[in-house]
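S.K.: What follows is a structure written as structure tokens; I'll ask about it next.
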Amino acid sequence: MTRIDRRRFVQLSGSLVATAGAGGLATILAAGRAPAYAQGATVHWLRWADFVPASDQLLKGKITQEAQKALGIKLNIETINANDIQARVTSSIQSGTGPDIILALNNWPQLYAASLADMGDLADEIGKEQGGYYEVNKTVATVEGKWIGLPWCVGGGLVAYRKSWLAEAGFNEFPKNWDEYRAAGKKLKAAGRPYGQTAGHTFGDAPGWWYPYLWSWGGEEVEADGKTVMLNSKETMDEGGLAWDDTNNNRAFLSGSISATNNGASIYIEAKKKPDSYLTETGRPMKDDILHAGIPAGPGGQFNLPGPFTDMLMSYSQNQKPAKDFMRWIRSKPVFDEWFTSQQGYTAGATKVWEEHPVWNLDPVLAPFKKIPVTGRLAGYAGPPSRKAAEVTTKYIIVDMYAKAIQGMPAEDAVKAAHAELVKIYT
């Protein structure tokens, strides 16, 4: 995964733009005064409730205080369940009032492009300074070359697994293909230690498993033209792998109910934070029995579904300039570095400069997450992650296709039903 450096003040645009060291914002900050234009301004930033609570504590505490001193703004950070963000976006757009900045996940910005401010000036500036953006971040934050959002970071999932249980089943490393995965799964289930994977309507873990599963068999939603629906193909459904258990994976894993699940780094980070609370059956800290691996490969290859995070500046906002100045400031290397370090490897940066951040050398168990931005595909493949692809994702059509098969619908019927839904959207 990639990282972004933090605390460095960058020049402001408009009337306050100044060359480094000459007047403008640089002079104001050197004098210890906040910019006059921002005095008393409040910037409302709506975000997800982070799976790394320490990061939210940092934002709402130290960084909020630093923003007040550096920019003269009052920062109002609101955190909610990520699954509730889209409803807030919709209601805010309809009412013409709400948060100034909303952190969107995955390909969601594509749905709201007409209601977002142009972020091209900041995106170009930050990208040039920090080694360029990962393609997954740039793609979801642009429409026809226009920046509709400002990339923040990249999340994503790997399979968290109990290495001792896999070893007892005869596997010294996580299965690399679906045949090995099934073989190990049969033994683990017989031992009362099944795999667990969600097929529910949740923004991360469900699509993060089922989209790569689809791709691994050679299946795809549409052709590269983004119009011709290709889901109803023999590559889409492999019936043999649909009987595996599905449960609330974080709790199930930490309680010792399952042996492996596709997830972000949050399971391991939680076990690491509370080593005396999460123990193995032998009384050892569970954190010492957890490793991460990629989703197994199939005939079509091995993939993940990166989860780009993008800040959207809403066009209805009456605080465009202070909001943009804040978005620039918090992405400056010294400031972002504080937040990035607090993530402990849960996310990568949106720009490539963070690839060499020291956080990746602190814990080898988390190091594999560094590669998430460059080893995946985006929803909508083989077409672009367009508004239509975002609609498919938001309606959980691909996830539901597999969920219906798990629940007993004939696989062929589940695929046909999902294909028909895609045709309605793409044509």
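S.K.: Tally up the carbon and sulfur contribution to the accessible surface of the chain as a whole percent, 1.4 Å probe, everything protein left in place. Mind dumping the intermediate values first?
M.R.: Numbers: 8690 of 16980 Å².
Taking all protein chains in place, the chain shows 51 percent carbon and sulfur surface.
S.K.: Under 5 Å between amide hydrogens, which residues at least 5 positions from Gly156 or on another chain qualify, with H placed 1.01 Å from N in the peptide plane?
M.R.: So Gly156 has HN proximity to Gly307.
S.K.: Still on this structure: Test of understanding: express the Cα radius of gyration of segment 178-331 as a ratio to 2.2 N^0.38 Å, with N the residue count.
M.R.: On the way: Rg = 20.0 Å, N = 154, 2.2 N^0.38 = 14.9 Å.
Expressed relative to 2.2 N^0.38 Å, the Cα Rg reads 1.34.
S.K.: Evaluate segment 355-424: find the radius of gyration of its Cα atoms, find its Kirkwood radius, and give the ratio Rg to Rh.
M.R.: Radius of gyration over Kirkwood radius for segment 355-424 works out to 1.19.
S.K.: May I ask you to derive the relative contact order of segment 277-418, considering only C-alpha pairs under 8 Å and at least 6 residues apart, and to give it as an integer percent? Before the final figure, lay out the partial values.
M.R.: Numbers: 92 pairs, mean separation 26.8, N = 142.
With pairs under 8 Å counted, the relative contact order is 19 percent.
S.K.: Tell me, what is the Rg over Rh of segment 245-342, with Rh the Kirkwood radius over Cα pairs? Walk me through the numbers on the way to the answer.
M.R.: Values: Rg = 19.6 Å, Rh = 17.3 Å.
That ratio equals 1.13.
S.K.: Would you mind getting me the FRET efficiency between Glu281 and Met409? Use the beta-carbon distance for r and R0 = 25 Å, nearest 0.05.
M.R.: The pair Glu281/Met409 has a calculated efficiency of 0.10.
S.K.: Now a separate question. Per DSSP H run of n ≥ 4, the term is -39500 (n - 2.57); total these for the chain, divide by its residue number, and report the mean residue ellipticity at 222 nm rounded to 500 deg cm²/dmol.
M.R.: For the chain, the value works out to -10000 deg cm²/dmol.
S.K.: Please calculate how many Å² of accessible area the chain carries per residue, with a 1.4 Å probe and no DNA, RNA or ligand atoms counted. The partial results should precede the final answer.
M.R.: Working: 16980 Å² over 427 residues.
I get 40 Å² per residue for the chain.
S.K.: Hey, could you get me the Stokes-Einstein D for segment 50-163, Kirkwood radius over alpha-carbon pairs, 25 °C and 0.890 mPa s, rounded to whole µm² s⁻¹?
M.R.: 151 µm²/s
S.K.: Rg (Å, one decimal) plus Dmax (Å, integer) for the alpha carbons of the chain?
M.R.: So, for the chain, Rg and Dmax equal 22.3, 71 Å respectively.
S.K.: How far apart, in nm, are two points set 7 Å out from the Cα along the Cα-to-Cβ line at Ala87 and at Thr202?
M.R.: With each label point 7 Å from Cα toward Cβ, the separation is 1.7 nm.
S.K.: A follow-up question, please. Over 23 Å apart: what share of the alpha carbon pairs of segment 87-236 falls there, rounded to a whole percent? Provide the component values of the computation, followed by the final result.
M.R.: Working: 6389 of 11175 pairs.
Everything past 23 Å amounts to 57 percent.
S.K.: Sticking with the crude label model, points 7 Å out along Cα→Cβ, report the distance from Asn172 to Ala191 in nm, one decimal please.
M.R.: For the pair Asn172/Ala191, the computed spacing is 1.6 nm.
S.K.: To the nearest Å, what is the center-to-center distance of segment 387-414 and segment 39-106, using C-alpha atoms only?
M.R.: Cα centres, segment 387-414 to segment 39-106: 32 Å.
S.K.: Continuing with the same structure: Go ahead and collect, in residue order, the members of segment 336-354 whose backbone nitrogen is under 14 Å from a label point 7 Å along the Cα-Cβ direction of Gln57.
M.R.: 342-344
S.K.: Return the tail of the calculated pair distribution for segment 41-88, meaning the percent of Cα-Cα pairs more than 14 Å apart.
M.R.: 52 percent
S.K.: Would you mind checking Lys74/Lys388; Lys272/Lys370; Lys272/Lys395; Lys395/Lys416; Lys62/Lys128; Lys128/Lys227 for any pair whose Cα atoms are more than 25 angstrom apart? Could the numbers behind the result be given before it?
M.R.: On the way: Lys74/Lys388 37 Å; Lys272/Lys370 19 Å; Lys272/Lys395 35 Å; Lys395/Lys416 16 Å; Lys62/Lys128 28 Å; Lys128/Lys227 34 Å.
Pairs exceeding the cut-off: Lys74/Lys388; Lys272/Lys395; Lys62/Lys128; Lys128/Lys227.
S.K.: Gap in Å between the Cα centre of segment 139-213 and the Cα centre of segment 294-314?
M.R.: 10 Å
S.K.: Mind giving me the nanometre distance, one decimal, between the label points for Ser95 and Asp121, set 7 Å out from Cα along Cα→Cβ?
M.R.: Placing both labels 7 Å along Cα→Cβ, they lie 2.9 nm apart.
S.K.: Next question. To the nearest µm²/s, what D does Stokes-Einstein give for segment 285-427 at 10 °C and 1.306 mPa s, using the Kirkwood radius over alpha carbon pairs as Rh?
M.R.: 84 µm²/s
S.K.: Normalised by the residues of the chain, what does the relative contact order come to in percent, with Cα pairs under 8 Å and at least six apart? Working shown, then result.
M.R.: On the way: 886 pairs, mean separation 123.3, N = 427.
Computed over the chain, the figure is 29 percent.
The values are calculated or read from the model by the stated rules, or taken from the named source; none is laboratory data. These figures come from a predicted structure and were not determined experimentally. Methodologically, a virtual Cβ is constructed for each residue, glycine included, from the backbone with ideal geometry; neighbour enumeration extends over all protein chains shown. Protein only, heavy atoms only, side chains kept; ligands, DNA and RNA dropped before computing areas. Shrake-Rupley method; radii C 1.70, N 1.55, O 1.52, S 1.80 Å.
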